[in-house]
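Novice: There's a structure below that I have some questions on.
The values are calculated or read from the model by the stated rules, or taken from the named source; none is laboratory data. Values in this document were obtained by computation on a predicted structure and should not be read as measured data. For neighbour counting, all protein chains shown are included, and Cβ atoms are generated from backbone atoms with ideal geometry for every residue, glycine included.
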Amino acid sequence: MARISSVVFSLCIAACALAAPMHRRQIGDLDCNLARLKVVSDTGCCSDLGRPNQHNRAQWALHKAGLNSINSAIEDILTAVFANQTSPADSRDQLEQGLNTANSALLLIKDPSANATVSAARAKLLAAGAAGDQVLSGCK
């Protein structure tokens, strides 16, 4: 959670920064940065899904691996933003793959006691994906 918090803090700084004009891509306008913040906040909300049981332990682990991939990609993208560089295409692809992995894992959980939690997490991941699409189309 601390890792997500530091990423959220960094993203807030990026959103508020009005540094020298960027020549490549990066800092972006308010809509762009709000979309970036939504990606971070929506994926951060998916990390605490309770405890796995013997029937869904593998799915929880796969979901966690997807979230770890997302966090790593976000860190790489933020590093590029602050260095006035174009965010690496590999990191954008990694973010997309992490979202897909985490969501796919949630689809495999069939525990009725976790339905509400899983549904809420899936909704957040889908919203994060939509915000990611907004970033790709709007952050020029």
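Novice: Across the stretch 77-89, what is the total count of residues that are in contact with an Asp or Glu (Cβ under 9 Å, 6 or more places away or on another chain) and either surrounded by 17 or more Cβ atoms within 10 Å (Cβ to Cβ) or closer than 18 Å to residue 61 by Cα (or both)?
Specialist: So the answer is 1.
Novice: What pairs come out if I take residues in the stretch 14-41 that are at pLDDT 85 or above and among the small types (Gly, Ala, Ser) and pair them with residues that are surrounded by 14 or more Cβ atoms within 10 Å (Cβ to Cβ) and part of a helix (DSSP H, G or I) whose C-beta lies under 6 Å away, six or more apart or interchain?
Specialist: As it stands, the answer is 35/131; 35/134; 35/135, since those pairs meet every condition given.
Novice: Return a yes/no flag: does the stretch 131-139 have any residue that is under 30 Å from residue 31 (Cβ atoms), under 10 Å from the mean Cα position of the chain (by Cα) and surrounded by 13 or more Cβ atoms within 10 Å (Cβ to Cβ). Don't jump to the end; show me each part of the working.
Specialist: Filtering the stretch 131-139 for residues under 30 Å from residue 31 (Cβ atoms) gives 131-139.
Next cut, under 10 Å from the mean Cα position of the chain (by Cα) only: 131-132.
Then drop every residue that is not surrounded by 13 or more Cβ atoms within 10 Å (Cβ to Cβ), which leaves 131-132.
Among the residues of the stretch 131-139, at least one is under 30 Å from residue 31 (Cβ atoms), under 10 Å from the mean Cα position of the chain (by Cα) and surrounded by 13 or more Cβ atoms within 10 Å (Cβ to Cβ), which makes the answer yes.
Novice: Return the residues of the stretch 90-130 that are buried (at least 20 other Cβ atoms within 10 Å of the Cβ) and either of a type in the set (A, V, I, L, M, F, W, C) or more than 16 Å from the chain's Cα centre (by Cα) (or both); say none if nothing qualifies.
Specialist: Result: 95, 99, 102, 105, 106, 109, 114, 118, 121, 125, 128.
Novice: Give the residues of the stretch 90-119 that are over 25 Å from residue 80 (Cβ atoms), in a helix (DSSP H, G or I) and in contact (Cβ under 8 Å) with a residue 40 or more places away in the chain, sorted by residue number.
Specialist: Passing the criteria: 104, 105, 106, 114, 117, 118.
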